[in-house]
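Notes follow the structure.
The values are calculated or read from the model by the stated rules, or taken from the named source; none is laboratory data. The structure displayed is predicted, hence computed values, not measured ones. When we count neighbours, we look across all protein chains shown, and the Cβ atoms used for this are built from the backbone with ideal geometry, even at glycine. These accessible areas exclude ligands, DNA and RNA; they are computed on the full protein's heavy atoms, side chains included. Shrake-Rupley method; radii C 1.70, N 1.55, O 1.52, S 1.80 Å.
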Amino acid sequence: MEPPRTTPTARRPRPVALICLIAVLLALVSDAVFGLKGVRIWNPEAIRAGELLRLSCDYDLEGVPLYSIKWYFGDQEFYRFVPKESPPTRVFPLSGTTSVDISESDDHAVTLTNLPRDMSGHYKCEVSTDAPLFHTQIKESYITIIEEPQTQPLMFAGKLKYIKDEPVKINCTSYSAFPATNLTWFINDKKVTNSTKYAKTTAWVTNEDDGLQTSRSRLELSTHGEYFPGGRMTVRCESNQFMLYKKYSVIELMDDSPRLAQMISPTSVLRSGGPQASSADRFATGRVFVLVAYVAIRIAPSLLR
């Protein structure tokens with residue numbers, strides 16, 4: 001005879017587990033309602049070496065008190081703002097000549113001065129809220145510190161006169177910049193692209209010993225007539241860095257193809273005395289006959305002696 005079966009009773013949740021579950025749910029709800037939101041960095045894409053850099057960090061605390069704002073270059077902290085501390089601002093040294101202008105820095109923005117090109121990199125803003133949530137968000141942005149070339153781009157062409165279908169090669173060089181400048185070609189004020197007929201460009205960059213870079217580009221094309229309106233072609237090489245630097249050089253090439261000369265053929269001379277000749281042609285021919293007859297009359301008696 002089988003013993004009577006018993007139905008297992010469900011275990012009651014432990015109080016500790018229940019409390020943890022409630023805490024997690026409350027944290028999720030509070031995060032959705034009161035959490036830190038809208039953290040964004042505002043900064044220029046690039047600045048010139050030696051200029052000041054102002055970084056701004058916007059955020060919405062949604063009613064939660066702020067605990068701290070921290071700024072980093074890479075992983076190196078250089079500025080901190082903690083409202084509960086006195087004074088609330090702290091500055092950490094950076095390498096080189098760069099320093100923080102405390103008078104122009106607060107809980108949203110920080111200002112750096114005298115930035116060299118090696119301060120190009122990632123800048124991060126870390127925002128943390130106070131108890132009970134202690135939320136933290138980090139946003140970062142890349143900034144380039146440029147050094148402009150000291151001269152405009154230099155152009156070189158083997159010669160300035162070309163005949164039809166002759167290959168043309170023009171070099172353009174922009175020396176000593178950081179980062180390397182972008183070189184762009186224009187033919188008769190039209191930008192050269194991959195779809196430009198009969199033309200192609202090749203570009204490369206060389207590194208210099210002092211960390212600066214030189215940009216080089218070569219334009220190759222054939223001298224088709226459409227490039228020489230009026231017998232001349234204008235070629236421009238433009239060098240630029242972001243929206244901060246732009247200079248260019250221009251050369252003018254000439255179409256030296258041979259022209260058809262205007263010549264009078266022998267048939268034209270013979271035809272000038274024919275029935276279709278003009279009255280001026282007939283008059284000129286008559287004068288030639290009179291001159292020949294006069295010479296014959298003067299010379300004939302001496303020949304008969």
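Some points to look at:
- Whether a residue is over 21 Å from A203 (Cα atoms), in contact (Cβ under 8 Å) with a residue 60 or more places away in the chain and β-branched (V, I, T) was assessed, and T111 does not pass this test.
- Restricting attention to the stretch 184-210, the residues being more than 14 Å from F156 (Cα to Cα), in contact (Cβ under 8 Å) with a residue 40 or more places away in the chain and open to solvent by less than 40 Å² (accessible area, probe 1.4 Å) number 3.
- Matching residues in the stretch 163-177 - criterion: being among the basic types (K, R) and assigned to a loop (DSSP other than H, G, I, E, B): K164
- Scanning the stretch 90-136 for residues that are within 18 Å of Y72 (Cβ to Cβ), outside any loop (DSSP other than H, G, I, E, B) and open to solvent by 60 Å² or more (accessible area, probe 1.4 Å) returns R90, V91, I102, D118, H122, T136.
- Only one entry of P179, P153 meets the criterion of being in contact with a Cys (Cβ under 8 Å, 6 or more places away or on another chain) and open to solvent by less than 50 Å² (accessible area, probe 1.4 Å), and that entry is P153.
- Verdict on L55 being crowded, with 17+ Cβ neighbours inside 10 Å and assigned to a loop (DSSP other than H, G, I, E, B): no
- Positions within the stretch 211-247 being open to solvent by 60 Å² or more (accessible area, probe 1.4 Å) and either part of a strand (DSSP E or B) or over 30 Å from D118 (Cβ atoms) (or both), in sequence order: R216, R218, E226, P229, G230, R232, K246, K247
- Test: residue in the stretch 58-76 that is more than 30 Å from S249 (Cα to Cα), part of a loop (DSSP other than H, G, I, E, B), open to solvent by 80 Å² or more (accessible area, probe 1.4 Å) and without any contact (Cβ under 8 Å) to a residue 24 or more places away in the chain: yes
- Residue check, V82 open to solvent by less than 50 Å² (accessible area, probe 1.4 Å), at pLDDT 85 or above and either over 23 Å from T129 (Cα atoms) or touching a Cys at 6+ places or on another chain (Cβ under 8 Å) (or both): no
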